[in-house]
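The values are calculated or read from the model by the stated rules, or taken from the named source; none is laboratory data. Values in this document were obtained by computation on a predicted structure and should not be read as measured data. In this analysis, Cβ positions are derived from the backbone assuming ideal geometry, glycine residues included, and neighbour counts consider all displayed protein chains. Protein only, heavy atoms only, side chains kept; ligands, DNA and RNA dropped before computing areas. Shrake-Rupley method; radii C 1.70, N 1.55, O 1.52, S 1.80 Å.
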Amino acid sequence: MKILDRYVAREFLRFLGLVLATFVVLYLLIDFFEKIRMFMSNAATVRQVVTHFLYTIPMIVTQTLPAAVLLASLITFGTLSRHGEITAMKAGGISLYRIAAPVVAIAAAICGLLFLFSEYVTPKTYEKAEYIRLVEVQKKESLGTFKQNAIWYRGKDGIYNFKFFDVQRNEIQGITIHYLKDMSEISMRIDAERAEWKDGKWIFHNLLITRFPKDDFPQLERVRQQVVAMPETPADFQVVQKNTEEMGFFELREFVRKLQSEGYDATRYIVDMHGKVAFSLVSLILAVIGAAFSVRSERSGGVVQSIGAGIVLGFSYWIIFAFGLSLGRSGTIPPLLAAWSANLLFGAGAVFLFKRLRT
């Protein structure tokens, strides 16, 4: 079986490389035409454009690798079926389970590599790509830093400290603002539970305002709600705030623990944290589906049919996975179920299809 294992593995890896390269090129082309106007309007250099897209490649690989595994599995076993090679293997007493073993083993290894890649490579390269786009090209000055799971920002009127900034809702949680006189002496401090961007203004909720008059004791004032004239907009803080794509699993887990320990709602981040693990394991499930789907009938194989089936199955998984995450982020279903619902559904389908194969 070593010869057949090497043969099936070589065919699978060949198709996997071809499909993955095709996905990356198509993604880059679409992304390029979407951003070309932005690059041209900001007079971006060729170096900035090229380096930006080079740094996005790891993220593209991370997102498309499971679909590439599925399609490569379908094409590999579809081609073997079409040429009668699976029939010959079965005639030699080799079961379909054993024929699919090399592809399943490679897919399992890809799952582990994908998790490590998403943990140590993709966040750093994606962060660099966003820095080039926002700071170097669009000239959005980075005046802050995301440090110890909190935002520190040097604003026009003082120094801001936020527990976190919700990019989706344009909402800030856990606010402390130090207003400085001549950037050296504190004139006022504002502590607030949260602030929301509404109608072009920052509306703060549950404020504690501390004023420091010269040669006098500090004056405290509690306010339930107040519009604060903070000159920065949500776009200014997006340069600093890390989103979940820029965090690895372990960094995101620490961020979630910090938010929970301080009493903030971390549901959105919990869902994304579980989603990172669930997505890294889907390659194995899709590889099994691809193998079982392609060899279910040796006479119905074919590259065209395999590609069509791969597109349908791939889109189906993405839709269910994204829908589950959206339900979890809104609190409709538990975060763990939201992240794993697509894997559970497709995993059950993989087991069902594989058990129906004839040994």
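Can you list the aspartates and glutamates whose alpha carbon is less than 17 Å from that of LYS355, not counting same-chain residues fewer than 8 positions off?
GLU298
Once you have all Cα-Cα distances for the stretch 20-179, histogram them in 5 Å bins from zero and send the whole-percent values.
1, 7, 11, 13, 12, 12, 11, 9, 6, 5, 4, 3, 2, 1, 1, 0, 0
In what order, largest first, do TYR264, TYR160 sit by accessible area if the probe radius is 1.4 Å?
The most accessible residue leads, giving TYR264, TYR160.
Could you give the length gained by full extension between LEU28 and PHE212, i.e. 0.36 nm per residue of separation minus their alpha carbon distance, to one decimal place?
60.8 nm
Return an integer: the convex hull volume of the alpha-carbon atoms of the stretch 1-97, in Å³ per residue.
Details: hull volume 10.4 nm³, N = 97.
Convex hull of Cα atoms, per residue: 108 Å³.
Might you tell me the accessible area per residue for the stretch 44-182, computed with a 1.4 Å probe and given in Å²?
On the way: 6050 Å² over 139 residues.
Per residue, the stretch 44-182 has an accessible area of 44 Å².
Tally Lys/Arg at +1 and Asp/Glu at -1 over every other residue whose Cβ is under 12 Å from the Cβ of PRO123; what's the total?
Taking every other residue near PRO123 into account, the sum is -2.
For an R0 of 45 angstrom, estimate the FRET efficiency from the Cβ-Cβ distance between ASP5 and TYR131 and round to the nearest 0.05. All intermediate terms of the calculation are to be shown ahead of the outcome.
Working: r = 45 Å, r/R0 = 0.99.
Working from the Cβ atoms, E equals 0.50.
Can you give the accessible area of TRP152, probe radius 1.4 Å, in Å² rounded to 10?
Accessible area, nearest 10 Å²: 120 Å².
At a Cα cut-off below 13 Å, give the aspartates and glutamates reachable from LYS128, other chains included and same-chain residues fewer than 8 away excluded.
In chain and number order, the partners are GLU136, GLU245, GLU246.
Checking the cross-link filter: which lysines have an alpha carbon closer than 22 Å to that of LYS2, excluding same-chain neighbours under 8 positions apart?
Partners within reach: LYS90.
State which entries of LYS35/LYS140; LYS181/LYS201; LYS163/LYS242; LYS35/LYS139 exceed 21 angstrom in Cα-Cα distance in the structure shown. Walk me through the numbers before you get to the answer.
Numbers: LYS35/LYS140 17 Å; LYS181/LYS201 23 Å; LYS163/LYS242 12 Å; LYS35/LYS139 15 Å.
In this structure, LYS181/LYS201 exceed 21 Å between Cα atoms.
Taking the chain as a Gaussian network, where each spring joins two C-alpha atoms under 10 Å apart, which residue of LYS124, LYS258, LYS139 fluctuates the most?
Among LYS124, LYS258, LYS139, the largest GNM mean-square fluctuation belongs to LYS139.
If you bin the C-alpha pair distances of the stretch 190-244 every 5 Å from 0, what whole percents do you get?
In whole percents, the pair-distance histogram is 4, 17, 21, 19, 16, 13, 6, 3, 1, 0.
Show me 310-322, 281-293, 42-54, 242-254 ranked by packing, highest mean number of other Cβ atoms within 10 Å first.
Most protected by this proxy first, the peptides run 281-293, 242-254, 310-322, 42-54.
With r defined as the distance between the Cβ atoms of THR176 and ALA109 and R0 fixed at 51 Å, what FRET efficiency is calculated, to the nearest 0.05?
0.60
Which whole-Hz couplings ³J(HN,Hα) result when phi for each residue of the stretch 163-170 is put into the Karplus expression 6.51 cos²θ - 1.76 cosθ + 1.60, θ = phi - 60°, listed in order with x for Gly and Pro?
Couplings: 5, 6, 10, 7, 5, 5, 9, 6 Hz.
Report the paramagnetic label zone for SER330: residues of the stretch 262-277 whose backbone N is under 15 Å from a point 7 Å from Cα along the Cα-to-Cβ axis.
268
Heavy atoms only, probe 1.4 Å: what % of the accessible area of the chain goes to carbon and sulfur, would you let me know?
Working: 11220 of 18520 Å².
The computed percentage sits at 61.
Taking the alpha carbon gyration tensor of the chain, what are the square roots of 5 times its eigenvalues, largest first, to the nearest whole Å?
52, 22, 15
Calculate how large, on average over all directions, the projected area of the Cα convex hull of the stretch 166-296 is; give the answer in nm² to one decimal.
12.0 nm²
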